[in-house]
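Here is the structure we will look at.
The values are calculated or read from the model by the stated rules, or taken from the named source; none is laboratory data. On a predicted model such as this, the values are computed, not experimentally measured, just so you know. Neighbour counts run over all protein chains shown; Cβ positions are idealised from the backbone, glycine included. We work out accessible area using only protein heavy atoms, side chains counted, and drop any ligands, DNA or RNA first. Shrake-Rupley method; radii C 1.70, N 1.55, O 1.52, S 1.80 Å.
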Amino acid sequence: MKLYELLENNAETAIGDTEITSVTDNTAEVREGSLFVCVKGQKFDGHSAAAEMLEKGAAAVVCEHDLGLGDRQIITDNSRKLYGKLCAAWFGHPERKIKMIGVTGTNGKTTITNVIKHILMNTGHKTGLIGTIQNEIGDEIVPTENTTPKTHEFMALLDRMVREGCEYVVMEVSSFGLVQNRIGSSWFGIALFTNLTQDHLDYHKDMEDYYQAKKMLFDICDTAICNIDDDYGRRLYGEIGCEKQTFSTKENATFYADGIKLKASGSSFWFCNEGKSHFVKTRIPGMFNVSNLTAAMAACLKAGIPLDKIITAVESYGGVKGRCEVIPTDRDFTVICDYAHTPDAIENVLKSVKEYVSGRLICLFGCGGDRDAAKRPKMAQAAAKYADLLIVTSDNPRNEEPEAIIRDILIGLEGSSVKYEVVTDRREAIHYALKIAEKGDIIVLAGKGHEDYQILAGGKHIHFDEREVVAEGLKLLG
């Protein structure tokens, strides 16, 4: 591809007829004829390697200031942003050939995107999924490392989805993906906002910065659907200028749930829209999942899917791995695995479970190392609101001492009357929870969800699947 074709008038160059063989921001991937984009990251600034990349064979470099490289430098005010556009152009703009539905917010993204995909697939629309647990192309699973893939990987994935006949892609759009322009020149037909609670403040300066990052999605969409049960959702609805609709489980909205009934085996509610109510029965439990389902149904209705077919698909949906997932025990107590790793998420899942537990509610949780330390005591405070017993343990300690993380967590329990135990090793903690469980108790294993690993010092990953650990613990009990 010629350089001028790739740039699409987004930047100027004197060597537009140069043939480009690849586009990358990774120094290790530069080869003869590459266009190298200088991106400044947290640990490495690509500008420092620009001259070396030209020596390595790059045809030109994109940079944000004059590097003294003559005609072979292309200067732009935002190299990340231009890189997104270059990747889109390189793959022939797949984002223009597929209908895009984006979901952003702190909690609920994974469930909502999975439900939307399930509905679309069940109604005859081949759909791609980009999310936290995995990426999917129709029924094919594609492993992932990031909620929003890196720029080149993202466009390559969209291109593959288009080539394999996907009509839609539904994706979790992270704040990182938006701020770092990973989604290039994508435009979303429907963008959905779930909620905003404390998370990722190790990356964002504060909650306002986090909110503004999420808000970026609603500058690149046709229709926004906002959760007005959330304060930030209400604020967003008032600030954006695109077509906008609302959803709620507490009050009248464009789409809302009424007559909600919760049980351990699932829930039922009336889905209300345009003055009409439609009965829905689902196999996934929890009030927060009623909200998630309402949002997903709203998005599919806006996409033109008939409501009766939406309801049929929802009623056949079995849930997402690691999202309020019941782990089989064949005992007289219940074990639930959930990804809840923020104060709001852990409060939501425990509040929902509390409504149908007949015995004690036991919550096992920890907090990740090298991440937002300020939320640690808040996690404890949130868990203490509804749990009868807390088991405080580790969760991806990374380069921090697990005991130090736990000390931060316990600060949140000062003055609380809730009973708690500290078992630092997570495997031992799960085994302990199983050992003390009594008839009617529900054990919530919070934080890991779909993850099947623990991250230790130096980034070392060890296999750790809580389903296996539970089975192992039950076997030890006999």
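Here is a check on your reading of the model: is F288 under 19 Å from the mean Cα position of the chain (by Cα) and of a type in the set (F, W, Y)? Yes.
Considering the stretch 236-267 alone, what residues qualify as being touching a Lys or Arg at 6+ places or on another chain (Cβ under 9 Å) and assigned to a helix (DSSP H, G or I)? L236, Y237, E239 - these are the residues of the stretch 236-267 that are touching a Lys or Arg at 6+ places or on another chain (Cβ under 9 Å) and assigned to a helix (DSSP H, G or I). Close Cβ contacts (under 8 Å, 6 or more residues apart or on different chains) running from residues in the stretch 124-135 that are more than 17 Å from D159 (Cα to Cα) to residues that are buried (at least 20 other Cβ atoms within 10 Å of the Cβ) and small (G, A, S) comprise I133/G322. Among the residues of the stretch 195-208, some residue qualifies, meaning at least one is more than 23 Å from I101 (Cα to Cα) and not in a loop (DSSP other than H, G, I, E, B).
Every test in (1) assigned to a loop (DSSP other than H, G, I, E, B); (2) closer than 22 Å to F218 by Cα is passed by L192 save one, and that test is (1). The numbered conditions (1) open to solvent by 40 Å² or more (accessible area, probe 1.4 Å); (2) modelled with pLDDT of 95 or more are all true for L293 except (1).
Only one of the numbered conditions (1) assigned to a strand (DSSP E or B); (2) polar (S, T, N, Q); (3) under 22 Å from the mean Cα position of the chain (by Cα) is not met by S277, and that is (3).
Pairing residues of the stretch 319-331 that are modelled with pLDDT of 90 or more with residues that are part of a strand (DSSP E or B) and not small (G, A, S), at Cβ distances under 7 Å and at least 6 apart in sequence or on separate chains, gives I327/V335; I327/C337; T329/V335.
Scanning the stretch 296-339 for residues that are assigned to a strand (DSSP E or B) and open to solvent by 40 Å² or more (accessible area, probe 1.4 Å) yields E325, V326, T334.
Could you grab me the full set of residues in the stretch 214-249 that are among the hydroxyl-bearing types (S, T, Y), under 18 Å from M100 (Cβ atoms) and open to solvent by 60 Å² or more (accessible area, probe 1.4 Å)?
As a first pass, look at the stretch 214-249 and keep what is among the hydroxyl-bearing types (S, T, Y): 223, 232, 237, 246, 248-249.
This time we only want the ones that are under 18 Å from M100 (Cβ atoms), so: 223.
Matches in the stretch 214-249: none.
Count of the stretch 84-107 residues, restricted to those that are surrounded by fewer than 24 Cβ atoms within 10 Å (Cβ to Cβ), modelled with pLDDT of 95 or more and not in a helix (DSSP H, G or I), is 6. Restricting attention to the stretch 156-187, the residues that are part of a loop (DSSP other than H, G, I, E, B) and surrounded by fewer than 20 Cβ atoms within 10 Å (Cβ to Cβ) total 6.
Take V142 and decide whether it is open to solvent by less than 40 Å² (accessible area, probe 1.4 Å), of a type in the set (A, V, I, L, M) and at pLDDT below 95. Steps first, answer last, please.
Working: open to solvent by less than 40 Å² (accessible area, probe 1.4 Å): yes; of a type in the set (A, V, I, L, M): yes; at pLDDT below 95: yes.
Criteria met by V142.
Kindly check whether there is at least one residue in the stretch 350-360 that is in contact with a strand residue (DSSP E or B) (Cβ under 6 Å, 6 or more places away or on another chain), small (G, A, S) and either touching a residue at least 60 places away in the same chain (Cβ under 8 Å) or closer than 17 Å to G286 by Cβ (or both). No, the stretch 350-360 contains no residue that is in contact with a strand residue (DSSP E or B) (Cβ under 6 Å, 6 or more places away or on another chain), small (G, A, S) and either touching a residue at least 60 places away in the same chain (Cβ under 8 Å) or closer than 17 Å to G286 by Cβ (or both).
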